[in-house]
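S.K.: Just passing along the structure, written as structure tokens.
Any read-out appearing in this document is the output of simple, stated calculations on the displayed coordinates, not a laboratory observation. These numbers come from a predicted model, not from an experiment. Methodologically, a virtual Cβ is constructed for each residue, glycine included, from the backbone with ideal geometry; neighbour enumeration extends over all protein chains shown.
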Amino acid sequence: MSPAALRDTDVIGGVLTVAVAAGVLIESSGFGYGTVLRMGPGYFPTVLGILLLGLGLALTARGLQWQSEPIARPQLRPVVLIAAAITLFALTLTTFGLAPAIMLLVVVSAYASPVRRPLVIGLLGVGLTIFAYVVFVRLLSLHLDLLRW
Amino acid sequence: VVIVEIIDHLMLGWREAGTWQNLFYCFLGVTLGNLLGVLPGVGSVAAVSILLPVTYHVPPATGLIMLAGLYYGAVYGAVTGAILLNIPHTVSAIECLDGYPMARKGRAGVALFMTTMASLCGSTVGIVVLALFAPPLAAVALTFRSPEYFALVVLGMTGAAVLARGSPIKSFVSVIIGMLIGLVGIDVTSGVARFTFGFTNLLDGIGIGVIAMGLFGVSEIMINAGIVVSPAIQPSSISWRSLLPTREEWSLSWRAILRGTGIGAGLGLLPGAGPVLASIMGYAIEKQVAREPDRFGHGAIEGVVAPEAAANAACQTGFVPTLTLGIPADPIMAVMLAALTVKGISAGPDFINTHPDLFWGLVVSFIIGNILLVIWHVPFIGLWVRLLTIPFQLLFPAVLVFMCIGVYSIQQSPMDVLMMLIFGGIGYLMRLLRFAPAPLLIGLVLGPAMEQHLRRSLIVSHGDPMIFLQRPVSATILAAAAAVLLWTLYKSFGSAPAQRAIENGVPQKTGQPNE
């Protein structure tokens, strides 16, 4: 297999599809297939899994035969920073309150952009915290503390 | 007699849509939709999902009016960014091809004004088609039983896969993965927990809002956050006078607008088509019928107005299959169906009969919403143009804040926020690998329906799968699905370069047409 095939979007997508299909088929084998007359909980997912397997194999074969286009280089910096920002938000929201969660989310995610001005980002965080507090906590009465320790 | 009946219905609708609360939410919906449509980096699917939690706090009609307003408001707004900044929003990507060159020639005002007129024309015809076609279609659909519904779901799924942008095989993979995600949770018939992997919070399934915001919102931001978008327009350049088209521009436009409207209104009726496909078809047909096709890509006004009219018409007529058959025309409709289901209302042939106030209220709210949008876009266009000068690096953290709090507020669960992130990662991977995420959302809604109707049909027929071919209506619908599938196969083998051109239909950053 040529290295170009390994970077082809069809080949990677096809192999991943086959892997998902295999997972689905293994997982649904434990549900009970039932009969055609009385479909068990495993019947329908198994049918979908088989279809998915076929599509994945077709996609892989197509990619190996006629290369479509190579996968673009993922931009690691924005992806990692945005993932980290959302995770921090989820972890801090109920334990430390709305203000620290939003500040962390805004500051960490803002550094994903190539344009970074600390003062502007800080002000944006404060502004969004006030706005979110007024709209979600006051107006929509969502049960969240602004700050908690 | 028919006219009296229609006036009766509209009066009923006005009583529902004309309340202060509903007028306010209609205004809120179209304005926010327009705002999120104008601003880069937030797709309309994400926009609708952000506002989804609000619908839990208001009556069903109010929620539906607001979400629908967001939907067509975003279509109106998206074209502004396409013309002025060459931002390819999913729904208005094709307008970049000629809209941006027009702006560079100093005709941005005309392009903005004429697209508003095109939107108005498309929407008006779309609303008329909706009001005329939905009730009779629902009456026909009342005779449908499980085999017919199964066939319809198959057709909707096929349509979603082949009509989406990109490779049909990949779109089928998206649909099926969506269906499988729809099965996560406890199976209502057997009580078995499926695909929960021991997580108790998955027992109720995964909410469509969480999935939509992750797939469309988070992944979009992950892609765009690292890019510097420098707004290079002067808000003052869009003056009142600059909106007026010349006689030549006008005479070129009105036919294009009518053609686009017709194409969009027709395509919108098909399950799975939606405004994106309508705008692409609208553009393709204008290029076909034009006397000088070479003008396209260099600022041909027909190439801007026809897709816009088509997208708006499809937006409105898309409510026909969504509300009367329960088959969503596009991912946003899927989110709206889910919002109705939460309220205990199921869209389908009974919908218009059991909730006439809701249906006609929605129709009347469309009329009000479109008038509001024209007001926003003609006298207040300068406001939206100024909004485009907000730098993206300030915008996306704000959008993230709203998405995170919005997702959290649905069930007060921080786990849902992490789940949204997971779907954001999946969406990012799908984009890298060129899988369209839209069919996934349609599969999500159709999957459980498909299983249920398959199961019921097979119980009725004592396990004989021939039931689907013995009943004339279901056989016809399945034949249509097969025809669509065969046509796609034929097309993909017939002309590979043309297919690739459609697949890569998103204009490049430079605004050069790639055909």
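S.K.: Residues with amide H under 5 Å of A:GLY34's amide H, sequence separation 5 or more or different chain, H placed in the peptide plane at 1.01 Å from N; which?
M.R.: When sequence neighbours closer than 5 places are left aside, the close amide H contacts are A:GLY40.
S.K.: Here's another thing I want to ask about it. With 10 angstrom as the radius, rank B:VAL38, B:VAL129, B:VAL192 by how many other C-beta atoms surround their C-beta, starting from the fewest.
M.R.: B:VAL192, B:VAL129, B:VAL38
S.K.: While we're here: Helix A:76-96 versus the longest principal axis of chain A: what angle, 0 to 90°, nearest 10, using Cα atoms?
M.R.: 60
S.K.: Taking the Cα atoms of the protein assembly as shown, report the difference between the largest and smallest coordinate on each principal axis, in whole Å and largest first.
M.R.: 71, 68, 61
S.K.: In the range A:7-149, how does Rg compare with the Kirkwood Rh, expressed as the Rg/Rh ratio over alpha carbon atoms?
M.R.: 1.21
S.K.: When the Kirkwood radius is taken over all Cα pairs of the range B:64-161, what Stokes-Einstein diffusion coefficient follows at 37 °C and 0.692 mPa s, in µm²/s? Before the final figure, lay out each step's value.
M.R.: On the way: Rh = 16.2 Å.
After rounding, the answer is 203 µm²/s.
S.K.: Starting from the amide H of A:GLU69, placed 1.01 Å from N in the peptide plane, find each other amide H under 5 Å away whose residue is 5 or more places distant or on another chain.
M.R.: A:THR9, A:ASP10
S.K.: In degrees, nearest 10, range 0 to 90: what is the angle between the Cα axis of helix A:118-132 and the longest Cα principal axis of chain A?
M.R.: Helix A:118-132 sits roughly 90 degrees off the main axis of chain A.
S.K.: Then there's this: Pairs of alpha-carbon atoms within less than 8 angstrom and 6+ residues apart define the contacts here; what relative contact order does chain B have, in percent?
M.R.: It comes to 29 percent, rounded to a whole number.
S.K.: Anything in chain B that counts as a DSSP H helix reaching 20 Å or more along its axis (C-alpha) with Kyte-Doolittle mean of at least 0.5? List them, would you? Spell out each step's value before the answer.
M.R.: Numbers: long enough: B:2-17 (22 Å, 0.86); B:20-38 (27 Å, 1.10); B:60-85 (37 Å, 1.48); B:108-141 (46 Å, 1.84); B:146-163 (25 Å, 1.41); B:168-183 (23 Å, 1.92); B:247-268 (31 Å, -0.12); B:274-289 (23 Å, 0.71); B:302-317 (22 Å, 0.31); B:356-377 (31 Å, 1.65); B:392-411 (30 Å, 1.82); B:414-432 (28 Å, 1.41); B:438-460 (33 Å, 0.94); B:472-494 (32 Å, 1.33).
Helix filter hits for chain B: B:2-17, B:20-38, B:60-85, B:108-141, B:146-163, B:168-183, B:274-289, B:356-377, B:392-411, B:414-432, B:438-460, B:472-494.
S.K.: Please rank B:ASP8, B:ASP330, B:ASP350, fewest neighbouring Cβ atoms within 10 Å first, as an exposure proxy.
M.R.: Ordered by Cβ neighbours within 10 Å, fewest first: B:ASP8, B:ASP350, B:ASP330.
S.K.: Given points 7 Å out from each Cα along the Cα-Cβ axis, report the B:SER242 to A:VAL15 separation in nanometres with one decimal.
M.R.: Modelled inter-label distance: 5.2 nm.
S.K.: Sort B:LYS491, B:LYS287 so the one with the fewest other Cβ atoms within 10 Å of its own Cβ comes first.
M.R.: Fewest-to-most Cβ neighbours within 10 Å comes out as B:LYS491, B:LYS287.
S.K.: R0 = 35 Å: FRET efficiency of B:LEU489 with B:VAL192, Cβ-based, nearest 0.05?
M.R.: About 0.45, to the nearest 0.05.
S.K.: Between the range B:297-364 and the range A:43-107, what's the alpha-carbon centroid distance in Å?
M.R.: 29
S.K.: Counting helices only, and only those DSSP H runs with n ≥ 4, report the 222 nm mean residue ellipticity of the protein assembly as shown as the sum of -39,500 (n - 2.57) divided by its residues, in deg cm²/dmol to the nearest 500.
M.R.: The helix contribution divided over the protein assembly as shown gives -23000 deg cm²/dmol.
S.K.: Right, something else. Computed from the mean reciprocal separation of all distinct C-alpha pairs, what Kirkwood hydrodynamic radius does chain B have, in Å?
M.R.: That comes to 23.0 Å for chain B.
S.K.: For B:LEU142, what is the net charge nearby, where nearby means another residue's Cβ is under 13 Å from its Cβ and Lys, Arg count +1, Asp, Glu -1?
M.R.: -1
S.K.: Enumerate the aspartates and glutamates that B:LYS287 could reach by cross-link, defined here as Cα to Cα under 12 Å, with residues fewer than 8 away along the same chain left out.
M.R.: B:ASP98, B:GLU302, B:GLU515
S.K.: Could you pull out every residue, at least 5 positions away or on a different chain, whose amide H is within less than 5 Å of the one on B:ARG194? Hs are placed 1.01 Å off N in the peptide plane, and Pro or chain starts have none.
M.R.: Placed amide hydrogens put B:GLY185, B:ILE186, B:ASP187 under 5 Å from B:ARG194.
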